[in-house]
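Chemist: Before we start, here is the structure in question, set down as structure tokens.
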Amino acid sequence: IAYQNWGTILLLTTLLIVFKSLAIFGVACFLLQWYRTFLLGAFSLCSAGEFSLLLFQKAGDAQLWSDTTQQCLIASSALSMALVPGLMKLAAPVSQFLDRKGWRRNRSHDHGGDSEQTHSLSGTIKTLENHAVICGFGPVGQSVNRALLREGVPTLVIELNVETVQSLSAKGQPVLFADASHEETWELARLNEARLVAFTMPDTESALEGLRIVRDISPEICVLARTRFASDRSRFEKHGASAILHDESEVASAAVENVLRLANRPV
């Protein structure tokens, strides 16, 4: 049946991917997300879910449509799920293509006037020097930021979460609403005047692209990178990271330390 109706299956698969991606695109635009973010979200969520296969099975049992329609729906759903890994890999190159066409600049002017533009042109950021640039302000980024500030090192945060940017700005923390994987971001961050860059966000691909740009602009600057998986460590080393934090090994070290402490505690 699949061979005889391959055109119908491809059409259904295409419609499913396109319409779900457009729906996610609309949500991402409403939330003011950047191209890489909403493309990754759209490509990872554009397939049919496992629950839809169950629904198709129940509908087939109820004879709501023909066996041919049933098989075409199941085949297109399975095909859409199989395409997700490949589509997710396209998020980075597609977003870079859109940037080269100037779409990112137009988009930032449309909705970033109260965030990126305001912060990037602020007098504080314009005068920063000998500072540390922290990419990502999750739990790891927050800890790194606090430690540096305690040591008297000025910091600049690069973040894509609108609420986080607004909160940091209200507290007087120099912050850019920007994507670390774009070259313009590092010009705004005054990379040539910085002493340190820390990639603390969990997005490996964005961090690697940012690291590549940083090394092109400032080959000698110290760069701290974070990786969630051991398999990515060699990629960061290849791109020139000065130091690499591996989440799994750090957790393992902490676990061993605490287990030994508890084991040696008097009963």
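The values are calculated or read from the model by the stated rules, or taken from the named source; none is laboratory data. A quick note: this is a predicted structure, and the numbers were derived from the prediction, not measured. Cβ: placed from backbone, ideal geometry, glycine included. Neighbour counts: every protein chain shown. Surface accessibility is based on the protein's heavy atoms, side chains included, excluding ligands, DNA and RNA. Shrake-Rupley method; radii C 1.70, N 1.55, O 1.52, S 1.80 Å.
Chemist: I'd like the accessible area for Val157: 1.4 Å probe, protein heavy atoms, all chains in place, Å² to the nearest 10.
Modeler: Solvent-accessible area, nearest 10 Å²: 0 Å².
Chemist: Can I ask one more? If you count only protein heavy atoms with a 1.4 Å probe, what accessible area per residue comes out for the stretch 157-267, rounded to a whole Å²?
Modeler: 54 Å²
Chemist: Moving on. I want to check the label-to-label distance for Ser231 and Thr127. Put each point 7 Å from Cα in the C-beta direction and report it in nm to one decimal.
Modeler: 4.9 nm
Chemist: Quote the FRET efficiency, to the nearest 0.05, computed for Ala170 versus Asn264 with a Förster distance R0 of 45 Å and r equal to the Cβ-Cβ distance.
Modeler: 0.45
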